[in-house]
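Asks: Just dropping this structure here.
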Amino acid sequence: MLDLGLRRTEVAHLRLDDVDWEAGTLHFHAKGKRIDILPLPDTAGAAIMDYLRNGRPQTTRRELFVRHRPPSNAPADLDIIRNAVRYAAQRCGLERRIRGTHILRHTVACRMVQRRRPDSRRIADLLRHRSLNTTTIYAKIDLAGLSRVAMPWPGGRHERRRHTQHTD
């Protein structure tokens with residue numbers, strides 16, 4: 001979810017056939033009944049492979065993620081996806097900051113901005129937004145990074161303090 005900015009519904013509906021290992025892509029059912037294809041990052045591919053080899057219970061289901069508790073042989077639903085993220089956040093001590101899955105989409109956009117790639121169109125494409133206005137909600141400005149390179153505002157608080165010290 002974090003590597004690709006996927007929505008929990010997109011993750012819940014992933015099927016085994018949606019991972020194209022040879023092409024290194026992931027096909028998924030996006031909003032509006034679209035099927036989108038994104039490159040599968042190495043870290044996400046390795047995590048999926050590890051899950052398939054070591055974590056996925058024996059099942060006849062074609063969904064990628066399945067229930068680990070009864071009712072067995074059932075696909076993971078939206079609540080299971082959300083709870084998996086919540087439990088992971090809890091294990092990391094982040095339960096107060098991460099309450100659901102949507103924060104991961106915000107994190108993807110913010111990371112792109114922080115990596116000095118604030119092209120809104122690229123962020124919108126990755127998050128599959130139809131409107132750039134929606135993307136601006138996700139891609140918050142890196143204020144800490146901006147403050148390191150910004151010049152003091154003329155007549156601003158620091159400017160006045162400096163001027164006052166010289167006149168005393």
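Asks: Considering only protein heavy atoms, what is the solvent-accessible area of Met112 at a probe of 1.4 Å, reported in Å² to the nearest 10?
Replies: 20 Å²
Asks: If I model a spin label as a point 7 Å beyond the Cα along the Cα-Cβ vector, how far apart are those points for Asn73 and Asp20 in nm?
Replies: So the two model labels end up 3.2 nm from each other.
Asks: Ok, one more. Given the C-alpha atoms of region 1-101, compute the convex hull and give its volume per residue in Å³.
Replies: In region 1-101, the Cα convex hull volume per residue is 114 Å³.
Asks: Quick check: pseudo-label points 7 Å beyond the Cα along Cα→Cβ at Gln58 and Thr107, how many nm apart are they?
Replies: 3.5 nm
Asks: Mind computing the radius of gyration and Dmax over the alpha-carbon atoms of region 16-70? Å is fine for both.
Replies: 12.3, 35
Asks: Could you give the length gained on full extension between Tyr87 and Arg122, defined as 0.36 nm per residue of separation minus the Cα-Cα distance, in nm?
Replies: Length difference between fully extended and current span is 9.5 nm.
Asks: When the dipole is taken about the Cα centre of region 12-57, and only Lys, Arg (+1) and Asp, Glu (-1) are charged at their Cβ, what size is it in debye, to the nearest 20?
Replies: Using only the charged Cβ atoms, the result is roughly 300 debye.
Asks: Hey, can you grab everything whose amide H is under 5 Å from the amide H of Arg15? Only 5+ residues off in sequence or another chain; H modelled, so Pro and N-termini drop out.
Replies: Leu64
The values are calculated or read from the model by the stated rules, or taken from the named source; none is laboratory data. None of the values given here were measured: they were computed from a predicted structure. Ideal geometry is used to build each Cβ from the backbone, glycine not excepted, and the neighbour counts take in all protein chains shown. Please note that ligands, DNA and RNA were not included when accessible areas were found on the heavy atoms of the full protein model with its side chains. Shrake-Rupley method; radii C 1.70, N 1.55, O 1.52, S 1.80 Å.
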